[in-house]
Amino acid sequence: MRILSFDTSTNEIHLSLVEDGRAVKEIVVAEADALTRQEAVAALMPSVVELMGQAGWQKPDLDCIVVGEGPGSFTGVRTGIVTARTIAQGLNLPLVPVHLLDCYASLCPLPAAVVLAAGRGRYFVAGYTSKDDRDCFQMSVAPVSASAGDLGALLAESAVWYADEKAFLELAASAQSGKGTLNSALTGTLDGRSHQLLALPILENIATKQAQIAWNRVSLNDSLAEAYPYQTVTPLYLRNPSITLKKNAPEKPHGN
């Protein structure tokens, strides 16, 4: 099975071509400090064409499209989903969504929780108990956006929390300062349970990992197109867009 996979949810745009679970070609399009978000997203389709050319793949060679459904950048996730749906519709291919928290959970010993910094003092989190051989997870906490103060109660059942670099530094600093339940959760016990904060393993290419997860889940499905129609794939935002609408200035009274 040949898969085109891409993720636009983070500060980098990740693309990968995967055949039967093995990465054939992969690339990170741009980092946030090199291009603006709009420029990076605009480079998505040209990068897809370039990557397929490097691998010697043609459109008819593709069997499936895999897309990162979020959570992450509102603009990035939305654009990635729209692009993936357009490609899948045009080529009449199944579209399989995989969310970012699952990608990281697949790298961690379970049971555990995954915590990703979402900005503005919030975190994308999910709790995992186990997974089977096809990367299908059993979850104790479904993906959600939470404030730092809510994490202790929300993830009370998870003995180990794996956090990305930003979340790790923020939560560790909060624990050392002794602020509320975070201090209890990260340095000792909460409701009689011990907890541990660890750094997430490095994920070099999100698109490759999500394609491998998708391949494990769908490779034995004989009716792939019917099971994963592109029309049903929607973004997993978990939060409102970071947009502040300008208020209209009050109208000046007309002169007599």
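Each reported figure results from applying straightforward, stated rules to the coordinates on display, with no laboratory input. What you see is a predicted model; the values in this text were computed from it and never measured. Ideal geometry is used to build each Cβ from the backbone, glycine not excepted, and the neighbour counts take in all protein chains shown.
The mean sequence separation of alpha-carbon pairs under 8 Å and at least six residues apart, normalised by the residue count of the stretch 96-181, gives a relative contact order of 28 percent. Of the cross-linked pairs Lys59/Lys166; Lys25/Lys59; Lys59/Lys131, those separated by over 27 Å at the C-alpha level are Lys59/Lys166; Lys59/Lys131.
Annotation: the residues Leu107, Leu100, Leu62, Leu51, sorted from fewest to most other C-beta atoms within 10 Å of their own C-beta, follow the order Leu107, Leu62, Leu51, Leu100.
Taking amide H positions as modeled 1.01 Å from N, with prolines and chain starts lacking one, the residues under 5 Å from Leu197 and 5 or more places away or on another chain are Trp161. Between amide H atoms placed 1.01 Å from N, distances below 5 Å from Lys131 occur with Gln138, all of them 5 or more places distant or on a separate chain.
What does the charge add up to near Ala84, with Lys and Arg as +1, Asp and Glu as -1, over the other residues with Cβ less than 12 Å from its Cβ? Net of charged neighbours comes to 0.
The distance between label points at Gln231 and Asp150 comes to 3.3 nm (points 7 Å beyond Cα on the Cα→Cβ vector).
Rank by packing, highest mean first: peptides 137-149, 1-13, 109-121, 71-83, with packing defined as the count of other Cβ atoms within 10 Å averaged across residues. It would help to have the intermediate numbers written out before the result.
Details: 137-149: 15.8, 1-13: 24.2, 109-121: 18.6, 71-83: 21.2.
Answer by packing, highest mean first, reads 1-13, 71-83, 109-121, 137-149.
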